[in-house]
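The values are calculated or read from the model by the stated rules, or taken from the named source; none is laboratory data. Owing to the predicted nature of the structure, the values given are computational and were not obtained by experimental measurement. Please note: Cβ atoms are built from the backbone with ideal geometry, for glycine as well, and neighbour counts cover all protein chains shown. Accessible surface areas use protein heavy atoms only, side chains included; no ligands, DNA or RNA. Shrake-Rupley method; radii C 1.70, N 1.55, O 1.52, S 1.80 Å.
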Amino acid sequence: MMIKPASLLTNSLRLLAENSWKALGTRGPPMITHPRYSVTWPERHRFAMWKFEDLKKQVVEEDLCSDAEFFVPQINTKEFDQAVHRAHDANYIDAFYSNNLDRANWRRLGFTQRPFHIPLVRRTQLEVAGTLLAADIARHFTGIAVNLAGGTHHAHRSYGAGFTALNDLAITALDVAHKDNAKVLIVDVDVHQGDGTAQICQNEPNVFTFSIHCADNYPFQFSLDYLGHDKSDLDIALPSNTDDATILSTLQHHLPSLLDTLALSSASPSLCLYDAGIDVDADDALGKFNCTPQGIFQRDVYVIEQCLLRAIPIVTVIGGGYDRDRKKLANRHAIVARAATYVWRKHFHTLFQTQFPRLHLLSSYTTASSISLPHLETPQGLTSLCLQIQQEEEEEERILASL
């Protein structure tokens, strides 16, 4: 049985069809999603492709963001293609896009079972574009942006792995470092090491990779020759059953000095990319840590606040999380959105308006304005986007019925 996203022409998924982001104020930070983050997918697959749609619904249900306030990424731009090719080998990109990877590489990626290739490629691209867009918004306007996807940290330069085909963290970091000569810190607290990010960014002097992860989990403790050899600039490998207090104290010991260095080292706005993996939760199917939702929230608040207190823009991505219970998984992935909203509301009238003086410009964004966001779908284009998606879904259903 395949799990199919709900209809995209309901009021709950119109996103930006009529308006840009109206509720700047104290409501919450910019959040990025796309109706194509989730695609039709095998019901029993280990990777919960439906979680992105579930997370979007969870965020709306909690009133952290409304349908009309989401930002929506686009991929049909020269800037997007250039960014992807900075991080990934051209032959690998071509093979992935054209469905010419061999079975061994699909197995390494974890997607040997997939109903449609083109939708998978498209949603993979959109996830990356969401993080690129979040970086644009955070660095130039609001200081923070939340992508309700991303954290694809196992994808390497010339191959995908661990359910990740394109590495949004590395692509965004290299894009920012290349275009603006800015410094980027990647903070990865997913239970699994950010091995692909480390490998792609290892020779980039403007990017620093920091990973806190389980020493006894993927990509370690496997006999496969391509796993367990990559080194972040700073790796902190903790034992199984690590708890909230240990994670927080580890961050408190290392993060302030890294951020202080970042704040002083770049004339252009720097950036922190934060992979807020929730597979550290004690109930996660693939995690070996013993963390709680309350501790994960405190972890996320700490990282976000430490960045913003130093006027360092931050982008959050959701990272890993595995649970057969869809509601529980969406609830955990929403923790970082709650944390970002908490920090936003706490500091909006003081920190944000003094540290990020261009904040107000984003709420008046129009296609005619001088504001340049190359990875943003314009409000005028979203009605046609919804119609296009409906047509594509109907075609996919027709193909599926003929099989």
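So that you can scan it fast, the table gives a plain yes or no per residue for (1) open to solvent by less than 10 Å² (accessible area, probe 1.4 Å); (2) assigned to a helix (DSSP H, G or I); (3) not charged (D, E, K, R):
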| position | (1), (2), (3) |
| --- | --- |
| His140 | no, yes, yes |
| Ala149 | yes, no, yes |
| His156 | yes, no, yes |
| Ala170 | yes, yes, yes |
| Leu185 | yes, no, yes |
| Gly196 | yes, yes, yes |
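Going by the conditions given, is Asp235 in contact (Cβ under 8 Å) with a residue 40 or more places away in the chain, assigned to a strand (DSSP E or B) and in contact with a His (Cβ under 8 Å, 6 or more places away or on another chain)? Before the answer, list the steps.
Working: in contact (Cβ under 8 Å) with a residue 40 or more places away in the chain: yes; assigned to a strand (DSSP E or B): yes; in contact with a His (Cβ under 8 Å, 6 or more places away or on another chain): yes.
Yes.
Assigned to a helix (DSSP H, G or I) and open to solvent by 20 Å² or more (accessible area, probe 1.4 Å): does that describe Lys288? It is false that Lys288 is assigned to a helix (DSSP H, G or I) and open to solvent by 20 Å² or more (accessible area, probe 1.4 Å).
Scanning the range 30-66 for residues that are aromatic (Phe, Trp, Tyr) and under 18 Å from Gly319 (Cα atoms) yields Tyr37, Phe47, Trp50, Phe52. Residues that are charged (D, E, K, R), open to solvent by 40 Å² or more (accessible area, probe 1.4 Å) and in contact (Cβ under 8 Å) with a residue 12 or more places away in the chain within the range 54-66 comprise Lys57, Glu62, listed in sequence order.
Yes/no matrix, rows are residues, columns are (1) of a type in the set (S, T, N, Q); (2) more than 17 Å from the chain's Cα centre (by Cα); (3) not in a helix (DSSP H, G or I):
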site: Leu273; (1), (2), (3): no, no, yes
site: Gln298; (1), (2), (3): yes, yes, no
site: Gly319; (1), (2), (3): no, no, yes
site: Tyr322; (1), (2), (3): no, no, yes
site: Thr341; (1), (2), (3): yes, no, no
site: Trp344; (1), (2), (3): no, yes, no
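Of everything in the range 210-229 that is open to solvent by less than 40 Å² (accessible area, probe 1.4 Å) and out of contact with any Leu (no Cβ under 8 Å at 6 or more places or on another chain), the residue that is modelled with the lowest pLDDT is Gly228. Counting only residues that are open to solvent by less than 30 Å² (accessible area, probe 1.4 Å), in a helix (DSSP H, G or I) and more than 11 Å from Arg299 (Cα to Cα), the range 238-255 holds 1 of them.
Conditions (1) open to solvent by less than 20 Å² (accessible area, probe 1.4 Å); (2) over 19 Å from Leu132 (Cβ atoms), marked per residue:
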residue	(1), (2)
Ala68	no, yes
Val72	yes, no
Asp81	no, no
Ile93	yes, no
Tyr97	no, no
Trp106	yes, yes
Thr112	no, yes
His117	no, yes
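Can we say Ser270 is of a type in the set (Gly, Ala, Ser), at pLDDT 95 or above and at negative phi? No. Residues in the range 199-209 that are surrounded by fewer than 24 Cβ atoms within 10 Å (Cβ to Cβ) and touching a helix residue (DSSP H, G or I) at 6+ places or on another chain (Cβ under 9 Å): Gln199, Glu204, Pro205, Asn206, Phe208.
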